[in-house]
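In what follows, a single structure is set out as structure tokens and then discussed.
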Protein chains: 2
Amino acid sequence: MLDLGVLGERVQQLRTGRGLTLQELAERSSVSVSMLSSVERAAKAPTITVLSRIADGLGVPLTRLVAEPSPDRVIVRRAAEQEVSDHPGGWRRTILSPVVPGVNVELLRTELPPGCDAGSFPAYAPGSHEYVVVQSGTLALTVDEQRLTLGAGDSAYFAADVVHGFANPGSEPCVYHLTALIMRPRR
Amino acid sequence: MLDLGVLGERVQQLRTGRGLTLQELAERSSVSVSMLSSVERAAKAPTITVLSRIADGLGVPLTRLVAEPSPDRVIVRRAAEQEVSDHPGGWRRTILSPVVPGVNVELLRTELPPGCDAGSFPAYAPGSHEYVVVQSGTLALTVDEQRLTLGAGDSAYFAADVVHGFANPGSEPCVYHLTALIMRPRR
DNA sequence: GACGTAGTTTCTCTATAGCGAAAAGGGGGT
DNA sequence: ACCCCCTTTTCGCTATAGAGAAACTACGTC
């Protein structure tokens, strides 16, 4: 449940931190002074539309006001090897998803040795997406000339209708999960 | 500014995707049926307290409902900024997939304490599937009266149009990845 | 076709969010 | 002390969020 108290403190923190008065924030956010005062003191529960305007006035995303503090997490690395396919280059890929007619999804688990480049994959049909979740190590993801570095626990989504590649730039093995939704090319 | 229309669609998508009726969600979230209907149809703007209860009833963090979809080709979510929701019962779920309009995929990471039962989930719409990969510990997977025990590294696929549940029968914490493709029931 | 039944919408009423303005602190300066 | 700012809180009043129940809308079934 959301605590109105912490919400109020958060708003007030952001407002005073910016050196703004209730009056000034009221003008920027198009919310009345009295309402702002009530929200900060947790006297009233604003509607999302009003809270959204307040966030705009403060110049922060709405998420920032309602997000709960992120607890620290530790990615547990531990996985038994099963049926793996080793590729030239030293990396191994495990296909976890079974073959199901009519389902265009692949769930893969890939291990990249340190410094290994798994190469690039061609552009799939428009509408295809891929999700990547890095379990351990570091992954260098290249999507259409754009290069990203992901650490353990990071995830990424991208439209897979462009060339994309995977590599491990670090000195430790990299393990990541890949979910691919592949559309059929139009004919 | 927040668009009430997309908020309503998002709530409805999550509700129907879980096979819930307005009535059932009303009981889980302690929000009246009429209010839920109004929110989904963007007829009224809920207060954050009510929206927070709706999010709880859906089992998603409040952030999930108000996050603005990112139009970027590549969406990266760092480990520190992922949505974690703690449930009564002690288990914890992390939503790894970003909010992308039109894509009905949920990529989840779940941690179950020893002996914890995450409960059962309703039958989703026909055509929905789920993939499970156990990262560590032991997972007791129940699919339509059939009970399976999965160890670290094991994976399973099942059509999610039946009741299914997750529990940790072991004495160690269980961590598993779940990929869900939720079809939306035609209306 | 008539008749349930499950699900959603619409209706009515009350609690309260939200606004504008007035009142209550709170320092500084003369 | 007093007065004059600026800032925040309080005070009506109106609009609307929110609950509960009735009314509508598919559907299957006999």
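A few comments on the model shown:
- Of all the listed residues (B:63, B:47), the sole one being within 8 Å of DNA strand D (Cβ to nearest atom), out of contact with any His (no Cβ under 9 Å at 6 or more places or on another chain), within 12 Å of chain A (Cβ to nearest Cβ) and hydroxyl-bearing (Ser, Thr, Tyr) is B:47.
- Counted as qualifying within the stretch B:1-56 are the helices (runs of 4 or more DSSP H) with 3 or more residues that are farther than 28 Å from residue B:162 by Cβ, namely B:4-17, B:33-40.
- Scanning the stretch A:153-174 for residues that are facing another protein chain (nearest Cβ under 10 Å) and closer than 16 Å to residue A:118 by Cα gives a single hit, A:164.
- Hits in the stretch A:1-44 - residues which are away from DNA strand C (no atom under 11 Å from the Cβ), within 13 Å of chain B (Cβ to nearest Cβ) and out of contact with any Asp or Glu (no Cβ under 6 Å at 6 or more places or on another chain): A:1, A:2, A:3, A:5, A:6, A:7, A:10
- Filter result for residue B:39 (open to solvent by less than 30 Å² (accessible area, probe 1.4 Å) and either more than 13 Å from the chain's Cα centre (by Cα) or at pLDDT 90 or above (or both)): yes
- Pick from the stretch A:142-158, criterion in contact (Cβ under 8 Å) with a residue 12 or more places away in the chain and more than 14 Å from the chain's Cα centre (by Cα), ranking: most open to solvent (accessible area, probe 1.4 Å): A:144
- Residue count for the stretch B:61-113, restricted to those that are in contact with a Gly (Cβ under 6 Å, 6 or more places away or on another chain) and either within 24 Å of residue B:170 (Cβ to Cβ) or at pLDDT 75 or above (or both): 1
- Residues that are modelled with pLDDT under 80 and not in a strand (DSSP E or B), drawn from the stretch A:155-187: A:160, A:161, A:162, A:163, A:182, A:183, A:184, A:185, A:186, A:187
- Members of the stretch A:50-60 found to be open to solvent by 10 Å² or more (accessible area, probe 1.4 Å), of a type outside the set (Val, Ile, Thr) and either within 13 Å of DNA strand D (Cβ to nearest atom) or facing chain B (nearest Cβ under 9 Å) (or both), listed by number: A:53, A:56
The values are calculated or read from the model by the stated rules, or taken from the named source; none is laboratory data. This structure is a prediction, so every number in the text was calculated from the model and none was measured. We place every Cβ from the backbone using ideal geometry, glycine too, and count neighbours over all the protein chains shown. In case anyone asks, the SASA skips ligands and DNA or RNA and just uses the protein heavy atoms, side chains included. Shrake-Rupley method; radii C 1.70, N 1.55, O 1.52, S 1.80 Å.
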